[in-house]
Each structure stands twice: as C-alpha cells, then as structure tokens.
Amino acid sequence: SSEKESGSNAKGGREDKGNEHEGLSAKDQAAFDLGIEIIDVRLKRIDWPEDVSGSVFDRMSAERTKVAKDFRSRGQEAAKTIRAEANREREVIIAEANRDSEQIRGEGDAKAAETYANAYGKDSEFYGLYRSLNAYRNTLNDRSDILIMEPNTEFFKYFKDPGM
C-alpha cells in the first residue's frame with residue numbers, strides 16, 4: 001500500500017517498519033491482539049476524592065464569592081458616580097431655571113409697572129385711589145383683624161374727603 005511505501009500512516013504519522021503494534025502499551029497491545037484498535041479516549045467526568053472534594057468546593061465557592069463581591073463593589077462605585085453626575089446636572093438645571101424665571105418675572109413686573117404707569121398716568125388721583133383700595137383689601141382682609149391708627153393718616157385719605 002502507499003502508506004507502507006511512504007513510511008507513515010493515518011493513525012498519527014508513525015512509521016511502519018513491518019511490526020504495526022510496536023511501541024504500544026500493554027493495554028493497547030492486548031486490545032490489538034483481540035483485533036480492537038483504540039482511536040480516541042475521552043473523559044466524561046472526573047470526581048475528586050471524597051476527602052478533597054469538600055475543600056475544593058469551598059475554595060471554588062470562595063473564589064466565586066470574591067468575584068461577585070468585586071462585581072458588586074464596581075457596580076456600587078459606578079452607581080455613586082452616576083448619581084453624583086445626575087445630582088450635579090439637576091443642580092445646574094434648577095439654577096438655570098431659577099435664573100430664567102427671575103429674569104422673566106422681572107421683565108413681567110417691568111411691563112406691568114409700565115402698563116400701570118401709562119394707564120394711571122392719565123389720572124394720578126385715580127391711581128392713588130386704586131392703590132389705597134388694594135391696601136385696604138390686603139390689610140383688612142380678615143374680620144378678626146384689628147387696626148389701630150390715627151384717622152388723620154395718609155392711609156385713610158380717601159375716607160375723609162370723597163371729593164379728593
């Protein structure tokens with residue numbers, strides 16, 4: 001055959017010198033003598049001896065616990081970083097919103113004051129009466145309020161002389 005001529009075979013590349021079972025172990029030699037050729041050996045399961053298996057399991061468990069603790073630690077650190085960044089962004093957003101609201105409120109107050117000035121500038125006496133009525137309403141809004149003042153004060157100006 002061509003294998004014998006080339007000096008190698010498909011069973012691992014060993015040269016064939018005429019004695020095909022040369023260099024085999026005793027078990028392989030016995031199998032060969034029975035016409036059995038062992039091509040491959042695979043292990044399906046390996047068990048530790050009983051006196052060692054407990055410590056091996058404990059060591060494996062400790063290693064997994066260490067890895068899990070490391071993952072948790074890294075996760076907690078990442079969570080702290082994310083929370084800190086979110087809180088910082090929240091503070092910036094709130095500060096900007098407060099700044100914008102104050103600016104808008106100021107613009108609104110200025111516009112309202114301008115509108116009042118334009119409207120009441122035509123009749124300043126009416127504007128004074130209107131402001132006094134608002135002051136009365138805000139000061140005397142509860143029946144249980146007691147106000148002790150001299151009747152000659154500016155506060156009661158429109159009560160004294162209705163023609164003014």
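When you look at Ser101, is it more than 30 Å from Tyr127 (Cα to Cα), at pLDDT 80 or above and surrounded by 10 or more Cβ atoms within 10 Å (Cβ to Cβ), yes or no? In short, no. When region 89-136 is filtered for residues that are of a type in the set (S, T, N, Q) and without any contact (Cβ under 8 Å) to a residue 24 or more places away in the chain, the ones remaining, listed by number, are Asn98, Ser101, Gln103, Thr115, Asn118, Ser124, Asn134. Within region 38-55, residues that are outside the structural domain of Ala26 (by TED's automatic domain parsing) have Cβ atoms under 6 Å from residues that are among the β-branched types (Val, Ile, Thr) in these pairs: Trp48/Val56, counting only partners at least 6 apart in sequence or on another chain. When residues in region 1-59 are screened for being among the hydroxyl-bearing types (Ser, Thr, Tyr), modelled with pLDDT of 50 or more and over 60 Å from the mean Cα position of the chain (by Cα), 1 of them pass.
The values are calculated or read from the model by the stated rules, or taken from the named source; none is laboratory data. Given the structure is predicted, the values throughout are model-derived calculations rather than measurements. Reconstructed Cβ throughout: ideal geometry from the backbone, glycine too, with neighbour counts over all protein chains shown.
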